[in-house]
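The values are calculated or read from the model by the stated rules, or taken from the named source; none is laboratory data. Not measured: the values here are computed from a predicted model. Surface accessibility is based on the protein's heavy atoms, side chains included, excluding ligands, DNA and RNA. Shrake-Rupley method; radii C 1.70, N 1.55, O 1.52, S 1.80 Å.
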Amino acid sequence: MKALLLLFLAQLCSASLVPEKEKDPEYWRGQAQETLREALRLQRLNQNVAKNLILFLGDGMGVSTVTAARILKGQLHHGKGEENLLEMDKFPYVALAKTYNTNAQVPDSAGTATAYLCGVKANEGTVGVSAGVTRDRCNTTKGQEVTSILRWAKDAGKAVGIVTTTRVTHATPSAAYAHSANRDWYSDGEMPPDALEGGCKDIARQLVENIPDIEVILGGGRKYMFPKNASDVEYPHEDKHRGTRLDRRDLVQAWHDAKPPGKVAKYVWHRRDLLALNLSRVDFLLGEGDGGDNGGRAGGMQRGRDKGAIGGIKGCRSRSRAVPGAAGGRIDHGHHEGKAKQALHEAVELDRAVGLATRLTSPQDTLSVVTADHSHVFTFGGYTPRGNPIFGEDKAGRGGGGEGHGRDLGDILTVPPPPGLAPMQSDVDRKPFTSILYGNGPGYKIVAGERENVSAVDFAHANYQAQSAVPLRQETHGGEDVAVFARGPMAHLLHGVHEQNYIPHAMAYAACIGSNRGHCNAAGRPGAPVLLPFLALLFLLC
C-alpha cells in the first residue's frame, strides 16, 4: 500500500510540473514545424556587406552558463525558465569554437583574446602577440606584434569602440589595441625593471598611444592612468584607488592632447556625467570607473554603459553613423569566486545588451556575434524537476536552507524539492546537495570531518559559494568548446566547429576589411549596398 501511495504521489507531482499545453502532442509538432520553416528561410543567404560589426564577449560564458542564464532569465520573468529564449538564442547561426592556447589545453583570457580579436592563436598570459612571445619576456616581443580586427576596421576608416565591465586594460579588451608579453602589465608600476629597460610599454600607455582615435572607450581601471599615489577623484581617501604610474604621466590628459584640433573629446568617470552627455556633439569618449575590475561599480558608471556602448559611436560626430563595441567580464569573476548567482546575473545583463543592440540595428547591414573566450568548471544537475528555482529562491522569493530537506534516491519527485536543491541525497554521504556545483574552487568545505550540509546554509544568498569537488582559492577555467552565435551579413560563415582565431577573419570578410578583400568591389558583393565608412566594431565584454 505504501509503495502504491508513493507511486501515486510521484505521478501527481510529476504531472503538475508540466504546462497543460505541453501535454498535447500537437504543441510540439507545431513548434517543430515552425522551426523547420525558419530553417528553410535561412537557405536565402544574406551576402550583404556588413557596414557594422558588433562583437559581444561574455568572459567565461561557457555553454553550461548560457543554459543556466536562460533558465534564470525565464524565472525572473515568472516563467518556469527552461522554455525561455535568450536574445542570443534567437540568432540563426551557431558554431563552436575551440579555445585552447598554443601552450595550454585549458586557456586563459589573454591568449584567447588574441585569437578572437587578432585572428592568431597565442601563448597564455600574452596579448596581441604571436606564439613566438614567451610570457614575462619583454625581449621576445619585438617583431611578434599582431594587429586586431579593431585596427583593421580603423584602417578602413571606420569608427570603433570598446566597452567593458572590467578595467579597460584587462586581458580581454586589451588584445584589441595592445601588444604585451604579460597581461598584468597594466601600468609601468606593475612592470619589472628589465621590461622597462627593454623598452616594453605598459598596457594603459598603449591604450592611449597605439590607436589614439578609438571613438568610444568605456570601462574601469582609471588608477592605471594617473601618477603614483595621486588621489582618486571618486575615492580620495582609499589607498587602493590611488594612481600607479611611475612615469608620473596623466594619460587622460595625454588622451585629450592626442585628439585633432576641432574635435570634441569628453572624459567621464561617473554614470551621471555619462548620461548627461549629448553624444551627437561628441567625437571621442573616454569613461573609466574605479581602479579595479568595476567598470560598472554602483557609484561609478555601470548602469550607464548601455547608453554609452550602443548610443556612443552612433551618436558621436564621427564620419558617419556607427555602433560601438563592448564587453562584460564579471561573469568570469563570479565563477572564479564560486559565486554562481553573480555570474549568471551578469550573463543575463549581457543578454539584455544583446537585445538592445538587436533592436537598434538591422541584420541587413549589421553582423552581430556573441561568444565567450573560455568556459568554467561550472555545472548544474541532479535531476531537478521542471521549473526548479535555479538559485534556491521560490517564486515568492523565499530562500533555501533549513533542516530536513535531504531525501533518498528512492524519494525523487515524490514531493517537490526545496528550491535550489537536487531532489535527492547523496547515496554516499547521505547529505543533500545543490543543483549548481563547481569542479573546483573556494566552495569546498569540510565540517566536522564531513561535507558541509547545505540545507543548513543560505545557498540562495548572492555571495554563497557553491560546493566544489576540489579546494582552490580561485575556481579555474574549463577547457571545452564555447558557443558562437551569429546574426546578419555572412553570419552563415560561422557554423560547425572552428578554431577560435577564425572568428575575426569571418567578421572581417563580411565587412570587407583587413587583408582578405579580393571578393569585394566598389559596390560590394552582388546585391550588397555600397560599403561606406560606417561603424566598424562594437566590442562588448561581460
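The table below gives the values:
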| item | result |
| --- | --- |
| Cross-link partners of Lys73 among aspartates and glutamates (Cα-Cα below 13 Å; sequence separation of 8 or more within a chain) | Glu82, Glu83, Glu87, Asp89, Glu346, Glu349, Asp351 |
| The stretch 419-452 and the stretch 130-188: distance between their alpha carbon centers, rounded to Å | 41 Å |
| Accessible area in the full protein assembly, largest first, 1.4 Å probe, for Lys142, Lys259 | Lys142, Lys259 |
| Length-normalised contact order for the stretch 421-471 - Cα pairs under 8 Å, 6+ apart - percent | 41 percent |
| Pairwise centroid distance, computed over Cα atoms, of the stretch 463-489 with the stretch 51-75, Å | 12 Å |
| Candidate aspartates and glutamates - alpha carbon under 15 Å from Lys80, same-chain residues fewer than 8 apart omitted | Glu20, Glu22, Glu393, Asp394 |
| Accessible-area value, Arg135, 1.4 Å probe, nucleic acids and ligands omitted, Å² | 70 Å² |
| Probe 1.4 Å, all protein chains present, accessible-area order of Thr147, Thr358, largest first | Thr147, Thr358 |
| Restraint check, Lys228/Lys266; Lys154/Lys341; Lys154/Lys263; Lys21/Lys341; Lys223/Lys259; Lys142/Lys240, Cα-Cα greater than 26 Å | Lys154/Lys341; Lys21/Lys341; Lys142/Lys240 |
| Under 25 Å from Lys98, Cα to Cα: lysines that are on another chain or at least 8 residues apart | Lys90, Lys121 |
| Accessible area (Å², 1.4 Å probe, nearest 10) - Ser375 | 0 Å² |
| Rounded Å value of the spacing that divides the Cα centres of the stretch 358-373 and the stretch 261-278 | 26 Å |
| Probe 1.4 Å - accessible area at Val447, Å² to nearest ten | 80 Å² |
| Largest-first ordering by accessible area, 1.4 Å probe, given options His335, His345, His461 | His461, His345, His335 |
